[in-house]
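The values are calculated or read from the model by the stated rules, or taken from the named source; none is laboratory data. From a predicted model like this one, the values you see are computed outputs, not experimental measurements. Note: ideal-geometry Cβ built from the backbone for every residue, glycine included; neighbour counts use all protein chains shown.
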Amino acid sequence: MYISVRDRPAGGTTRGSSSTRPPVGRVVITLGIVSLLTDVSSESVSAILPLYLTAVVGLTPVAYGLIDGLYQGVSALVRLGGGWLADASDRPKWVAFLGYGLSAVARVFLLFASGAAGIAAVVTADRIGKGIRTAPRDAMISTATPTEHLGRAFGVHRMLDTIGAALGPLIAFGLLVIVPGGYSVVLVVSLAFALAGVALLGLLGPDVRARRDRERSSGPTPPPFRWRDLTDARLRPLLAVAGVLGLLTIGDGFIYLALLDHGGINVTWFPLFYVGTNVAYLLLAVPIGRLADRVGRARTLVVGHLALVGAYLCAVLPTSTAAATVGTLLLLGTFYAATDGVIAAIAGRLVPVQARSSGIAAAQTVVALARMLASAGFGLLWLLLGPTVAMATVAALLALAVLAAATRIPRLDGAAVTT
Amino acid sequence: MSTRARVLAFIAVVVAIAVAATVYVVDQGREVRAERAAEPEAEQTPIAEVTDGPRIVFRHTGLDSQYGVVAVVPLDDPGGPRAFTGVSCNRVAARPEGASCLISDEGVATSYEGVELDADWQQVASNDLPGIPSRTRLSPDGTLVATTVFVAGHSYMSTGFSTATEVHEFGGGERWGNLEKFQLVVDGREVNPVDRNVWGVTFVDDDTFYATVATGGSTWLVEGDLAERTLTTVSQDAECPSLSPDGTRVAFKVDVDPGRLVEWQIAVLDLTTGERTLLEAGPRGLDDQVEWLDDDTVIYGMPRADEPGVTDTWAVDTTPDAAPELLIEQAWSATVVR
């Protein structure tokens, strides 16, 4: 089955963006639905996990929250490993399959896990699975999409992914209404969604193989992947920009806390902050992705951080109202729509074709590590300056960083792309 | 495999998964309904038999028609017949004057409520709670209520959790708000860490209480002052304190295996001498705010490993080598009413 071939631009020719847009490729839709199913699975569990731990297992989320932070670093390393494996084998589909499969297997064990250790192990396995699959999956989207429509393709994928994340909690709490106290029912249904996602990828996911396809299209045979490919002169400015901006990207949790700290907003609304951000993200992912295709993806990525500057400021406005809260969440959703998929779209084109997964993984890892540092550092700043001054300071620094990063936009958007 | 075969295989897999999951959901739904319709195995007695003398009030956790309902047993016969009150609570605390009851209404939009009840278990006040019920306590004369809930981050990919602990007058009236807003004094120095969490209040009187404060990865036993709005550290590494009836000692849980995982044991602090006793032969891995049965014995809930949802209440002497004894089966969130 080589359906994926028709999703690829013919021989790497560049077509100008015109009103006759081709439909979004089958690879993107398939991978998007795989992500949707998987996110329904993971978010339905995470929505009930705190209740499950307190009501049934008899643990407090404290035991679990402590473990939570520890594995972020592991996840970053795993991501690079997943990217490398996909490139070295030229089998991104099966590496992604491994990641999705691992998360599905973790759900089976969650049914039987009791005690903090067991649950921590399962959650870690789930996260490792996520680390493994992300870059190969994004590389497949990148390979299967013409360069001029990359932003839109990633937008469609992220939209589907986020729809899954929004549906998961609804399904979980709906099930608890049908079966009171039926946490095992939620876990089983979550497993069912995970397995459906894995089956969809395994059976119908196109086997996108950039290197082999290049050989077939009688082009020059790309050399095997070498780590040196990641020091590509085109990729380096992207990593620098992503790193600097990431260092000023504090966790959403802080922004939500700042909104709460102001008073005026009832803490009951806390879970809805996350939902609001997601809804904004899923609505804007495609339009902003298309915009990125028109005006330049690096420009969108850099300027998109101004939405985050706005979110920081909006969260600490002296007049904290419902409007300020909605504004903050909208800006935060805009920020994700302008950055999360867009950076993968850029990275996949700035490395040789045999390093596509690793290149995307490198950019995502830089972002993840920089944000971890940012959150740790910001905690300290909040302590010293209080929420309002701390947020305003980070907003000002981020605005400056956007100005500095803007000088790299022409180089990034003008770089020769690997088609 | 041809594309057609793959599509058919996928459809077959999805149908099989959907059928299996649906059968499981329906089956579990039926089982839960049957369970919830069953009469309790525990012996019962009319409520009038137990309301006069000293008694223990708790949440019944047998998987039956009374699951989650508050029950009462006489203090001198805790293993004997129990009387059901008809009120359901996730967490309950009681005094002769009334009770505080924390409830979660599970639904598509799960909501949480704190209800205050009079001596006849009739509702006198209710408040929305900002998260999952964790602890509640009443002051000795029943005029103040403390509640702790978990304000859970919606996604485990985001920010862990935080607690919200509030104190207010029973039945409405004055509210002191979230104790996180109180001035924290660590080792005599005023500090304002952003990551502070407060939980597990135990009242001394209507102005003073003990509680837990966590910040920067450490926990402290703090003494709180409602009039001054301060929390002052007393001792490090202590969670969910509970003051003995004579007011001389505080029992709490300590993490005896700090680091990767949490393993709690009970310790007791003598407030006059500052001496701390770890109940080494006591329970390991408990997660409850203990309650004092008398001046030498504490009681606590433990989930049954083999029966999810069922918990038993155990008692242990506050000496290092005392072994726990089962006090009340199918019981959780117990309070001694004297």
Inset, instruction - Specify which of the listed residues (A:Thr334, A:Thr339, A:Thr328) is surrounded by 22 or more Cβ atoms within 10 Å (Cβ to Cβ) and in contact with a His (Cβ under 9 Å, 6 or more places away or on another chain). - result: A:Thr339
Legend entry - region B:270-287 - residue that is touching a Ser or Thr at 6+ places or on another chain (Cβ under 8 Å) and buried (at least 21 other Cβ atoms within 10 Å of the Cβ) and, of those, nearest to B:Thr219 (Cα to Cα): B:Asp287
Legend entry - Boolean, B:Arg36 is basic (Lys, Arg), under 30 Å from A:Ser190 (Cα atoms) and touching a residue at least 40 places away in the same chain (Cβ under 8 Å): no
Inset, instruction - Tell me, yes or no, whether region B:163-180 has at least one residue that is over 25 Å from B:Gly142 (Cα atoms) and either in contact (Cβ under 8 Å) with a residue 60 or more places away in the chain or surrounded by 16 or more Cβ atoms within 10 Å (Cβ to Cβ) (or both). - result: no
Legend entry - Qualifying residue in region B:279-291 (condition: of a type in the set (S, T, N, Q) and away from chain A (no Cβ under 11 Å)): no
Legend entry - Residue within region B:34-47 that is of a type outside the set (Gly, Ala, Ser), touching a Pro at 6+ places or on another chain (Cβ under 6 Å) and buried (at least 21 other Cβ atoms within 10 Å of the Cβ) present: no
Legend entry - Check on A:Ala298, of a type outside the set (S, T, N, Q) and within 14 Å of chain B (Cβ to nearest Cβ): no
Legend entry - Which listed residue, of B:Ile56, B:Ile47, B:Ile103, B:Ile11, is within 13 Å of chain A (Cβ to nearest Cβ), β-branched (Val, Ile, Thr) and within 27 Å of the chain's Cα centre (by Cα): B:Ile103
Inset, instruction - Any chance you could count how many residues in region B:251-266 are surrounded by fewer than 24 Cβ atoms within 10 Å (Cβ to Cβ) and either closer than 20 Å to B:Trp314 by Cβ or more than 21 Å from the chain's Cα centre (by Cα) (or both)? - result: 11
Inset, instruction - Residue by residue through region B:7-29, note down the ones that are out of contact with any Ser or Thr (no Cβ under 9 Å at 6 or more places or on another chain) and crowded, with 16+ Cβ neighbours inside 10 Å. - result: B:Phe10, B:Val13, B:Val14, B:Ile17, B:Ala21, B:Val25, B:Gly29
Inset, instruction - Test each condition in (1) buried (at least 22 other Cβ atoms within 10 Å of the Cβ); (2) under 19 Å from the mean Cα position of the chain (by Cα); (3) in a helix (DSSP H, G or I); (4) modelled with pLDDT of 95 or more for A:Leu248 and report the one that comes out false. - result: (3)
Legend entry - Residues of region B:198-251 that turn out to be more than 22 Å from B:Thr277 (Cβ to Cβ) and part of a loop (DSSP other than H, G, I, E, B), as a count: 9
Inset, instruction - Tell me, please, whether a residue that is within 12 Å of another protein chain (Cβ to nearest Cβ), of a type in the set (Val, Ile, Thr) and outside any helix (DSSP H, G or I) can be found in region A:173-184. - result: yes
Legend entry - Test: B:Ser134 is modelled with pLDDT of 85 or more, touching a strand residue (DSSP E or B) at 6+ places or on another chain (Cβ under 9 Å), more than 23 Å from A:Leu51 (Cα to Cα) and buried (at least 22 other Cβ atoms within 10 Å of the Cβ): no
Inset, instruction - Go through the residues of region B:279-288 one by one and say whether even a single one is part of a strand (DSSP E or B) and of a type outside the set (Lys, Arg). - result: no
Inset, instruction - Out of B:Arg338, B:Arg304, report the one residue that is free of Cβ contacts under 8 Å to residues at least 12 places away in the same chain and either on the phi > 0 side of the Ramachandran plot or not polar (S, T, N, Q) (or both). - result: B:Arg304
Legend entry - Condition broken by A:Val57, with the remaining ones in (1) at pLDDT below 95; (2) closer than 29 Å to A:Phe335 by Cβ satisfied: (2)
Legend entry - Among (1) more than 17 Å from the chain's Cα centre (by Cα); (2) farther than 20 Å from B:Asp294 by Cβ; (3) of a type in the set (S, T, N, Q); (4) away from every other protein chain (no Cβ under 12 Å) - the single one B:Asn178 does not satisfy: (4)
Legend entry - Among (1) within 13 Å of chain B (Cβ to nearest Cβ); (2) at pLDDT 65 or above; (3) over 22 Å from the mean Cα position of the chain (by Cα), the one test that A:Ser75 misses: (3)
Legend entry - Single unsatisfied condition, B:Val25 versus (1) more than 9 Å from chain A (Cβ to nearest Cβ); (2) in contact with a helix residue (DSSP H, G or I) (Cβ under 9 Å, 6 or more places away or on another chain); (3) not charged (D, E, K, R): (1)
